[in-house]
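The block underneath contains the structure these notes are about, expressed in structure tokens.
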Ligand SMILES: [Zn+2]
């Protein structure tokens, strides 16, 4: 399975305030090939986890592994919310937090489906049950034989299988270091945006300074990858990769859109609960990203241009940090919704470069020159382009 994303992210505020470190590894791989050829998916219009009038209904503790996926065409906006599946050891707080985050992100950017979001905890037996549930589902949908799926996902030396997400959560608790991992394990052939997450401990307040808001922003980041992927229809893996664009664009887009959108929704009261005063503001995060991204690039990839960073490079997180600034810059020099309203709707038909030029009025090459100049400006001048 090709690895598309691996990051280790530091939260500057935590480092500064607590001299402790917050690693947030996000692992993502698109177009991962399953060992079995998928058949058509079982489908129905049934919705799960529908929010009640009073808020979010927690996912049932006994989950229906074979609940039908909502019927939809790829890239279509649907009504049924994401289907979420939780390890039995996870709290109602985690369940509600993930469900609420996915609903809010879909509300902000459109409800692309079907989405499956699988969340591991820290209990091994519960994880094995969840793996069994996942594999029952894949088998029933004609996507993967149960036996082969369980063998793959329960291996303790596997990369980015469900077991690996359990191990990340266990390691975080054992080391008392907040560390997480999540990814879009999207097999385009399945017709489902499938996510996997390690224990999102912020919803349980396990670690000081890592609050639910941090996890919500991460759910938005992940869901934005579903938005990106939903606009790429081809099932050809190489073609999908080319349309996704460079790492800075994929990850910077998810980072910027997640951070900007959650902060806007918190301030206008459409996303609850609002974070505490300890939670860093959008502006504070962008400042850290500029300083941290430039430092990361200079230290780990001194001879590399930001646009060439890949997931394999030691400075990969600079693609997230400076990529978020690149998306901010593109929006500041055009219109605030060009990415969603012009770029993605034109992507499949025009290809990445032409869609970029259509949306942002500049070729990628010219943009890289402009953005390079922008990176040399004073921090105050850079911060001045951010939306209010
Ligand atoms: Zn990402």
**Request:** Find the eigenvalues of the gyration tensor of the Cα atoms of the stretch 204-320, then list the square roots of 5 times those eigenvalues as equivalent ellipsoid semi-axes, largest first, in whole angstrom.
**Result:** 27, 21, 11
**Item:** Inter-site label distance for residue 234 and residue 76 at 7 Å from Cα along Cβ, in nm
**Value:** 2.4 nm
**Message:** Considering just Cα atoms, how many Å³ per residue does the convex hull of the stretch 247-383 enclose?
**Reply:** 126 Å³
**Asked** Want the number for residue 281 to residue 175: 0.36 nm per residue separation, take away the alpha-carbon distance, what's left?
**Response** 35.4 nm
**Message:** If packing is taken as the average number of other Cβ atoms within 10 Å across a peptide's residues, how do 246-252, 270-276, 210-216 rank, most packed first?
**Reply:** 246-252, 210-216, 270-276
**Request:** Please give, to one decimal in nm, the separation of the simple spin-label points placed at residue 303 and residue 272, each 7 Å out from Cα toward the Cβ.
**Result:** 5.6 nm
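Read-outs throughout are calculated quantities, based only on the coordinates presented, and are distinct from any laboratory measurement. Nothing here was measured: the structure is a model prediction, and the numbers come from that model. Neighbour counts are summed over all protein chains in view; Cβ atoms, including those assigned to glycine, are modelled from backbone coordinates with ideal geometry.
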